[in-house]
Amino acid sequence: MIFQIILRSCFDKKKLLDCLQNIVIHEMGLEYDLNNEKHNNDIQLICDKIIQVYSVQSDMPSV
């Protein structure tokens with residue numbers, strides 16, 4: 001279920017960041033501070049990796 005939500009969000013970086021923050025806070029129960037630079041950098045890194053992986057996969061020809 002969470003994977004599907006992430007995939008639906010990966011076309012819009014802001015939406016994906018919001019989705020990942022929501023997962024961290026509400027689904028995983030972790031503390032996340034929007035004002036903490038490290039927290040923001042970590043989420044940004046994850047977001048960038050997801051976008052990178054998804055864009056590479058979507059560029060691949062289907063078999």
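The values are calculated or read from the model by the stated rules, or taken from the named source; none is laboratory data. Because the structure is a prediction, the values reported are computed rather than measured. Every residue, glycine among them, receives a Cβ derived from its backbone with ideal geometry; neighbour counts consider all protein chains shown.
Here are the numbers:
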read-out	value
Subset of segment 23-63 [modelled with pLDDT under 85 and loosely packed, with under 11 Cβ neighbours inside 10 Å]	Val56, Gln57, Ser58, Asp59, Met60, Pro61, Ser62, Val63
Segment 6-22: number of residues that are loosely packed, with under 15 Cβ neighbours inside 10 Å and among the aliphatic types (A, V, I, L, M)	1
